[in-house]
């Protein structure tokens, strides 16, 4: 976990996790997103789940509705 948190701090703008289903991508992303050491580096944080078939407008609107 420490390695993943440090990796997220290297490129603080965004992170992406790609791979087969069921290998723990969402789990590790949530751990990093919720890590206290990550919170201190951002004024605003957002969580978006993007599926293969997605609509960029809907994703952005959902982020805005969450208070961004």
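Just so you know, all these numbers are worked out from the coordinates, no wet-lab data involved. This structure is a prediction, so every number in the text was calculated from the model and none was measured. Positions of Cβ are generated from backbone atoms using ideal geometry, with glycine treated the same way; all protein chains shown enter the neighbour counts.
Structure notes:
- Contact annotation: residue pairs with Cβ atoms under 6 Å, 6 or more positions apart or on different chains, pairing a residue in segment 16-37 that is on the phi > 0 side of the Ramachandran plot with a partner that is surrounded by 11 or more Cβ atoms within 10 Å (Cβ to Cβ) and assigned to a helix (DSSP H, G or I), are 19/25.
- Total residues in segment 50-68, condition touching a residue at least 12 places away in the same chain (Cβ under 8 Å) and within 13 Å of the chain's Cα centre (by Cα): 1
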